[in-house]
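The values are calculated or read from the model by the stated rules, or taken from the named source; none is laboratory data. Quantities reported herein were computed from a predicted structural model and do not represent experimental measurements. Neighbour counts run over all protein chains shown; Cβ positions are idealised from the backbone, glycine included. For the accessible areas, the whole protein counts, side chains as well, though only heavy atoms, and no ligand, DNA or RNA atoms are used. Shrake-Rupley method; radii C 1.70, N 1.55, O 1.52, S 1.80 Å.
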Amino acid sequence: MQCSLGFTLTPRRSRRHPTVVLTDLDYADDISLLSDSVEQAQELLNRVESECAKVGLRLNAKKTEVITYNILPEHPPLTTTEGTVLKEVKDFKYLCSWVNSTEQDLKAYYLEIIRFNKCTINVL
């Protein structure tokens, strides 16, 4: 069984009700990667950097921040493919909103994005 990368919104309940996972939130040139573990976050970051490189783009490590919650403080740091250690913060601003390190805030933020997308679709 293959492990899904991303942040688990709903755990698997049965074959008919698989795990619901969210890997990223995107808007214009901003992306927020989400995962259940530091190892998964590193894998997602590596994949994004690899895909960016294919079209001549690269990650700006100076503008990239990491936020964790419910993770032991001794976890390995996230690094770029070039070896730059990314800055870990307690909160950060994403799309004009401050996000802090709680699971509840991430889920609430996800619901706001869904609500925003539904409003946008209805307006168009």
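Annotations
- Percentage, to the nearest whole number, of Cα pairs in the chain over 17 Å apart: 63 percent
- Two-site label geometry, V55 and H75: point separation in nm, points 7 Å out along Cα→Cβ: 2.8 nm
- Under 16 Å from the Cα of K107 - aspartates and glutamates, other chains or at least 8 residues apart: D24, D26, D36, D91
- Sorting the segments 30-43, 6-19 by their residues' average number of neighbouring beta-carbon atoms within 10 angstrom, most packed first, yields 30-43, 6-19.
- Extension reserve of the Y109-D36 stretch, reckoned as 0.36 nm per residue once the Cα distance is removed: 24.6 nm
- Value of [θ]222 nm, deg cm²/dmol, for the chain, DSSP H segments ≥ 4, -39500 (n - 2.57) each, nearest 500: -10500 deg cm²/dmol
- Only protein atoms count toward the accessible area here, which uses a 1.4 Å probe; on the range 1-96, the carbon and sulfur part of that area reaches 51 percent.
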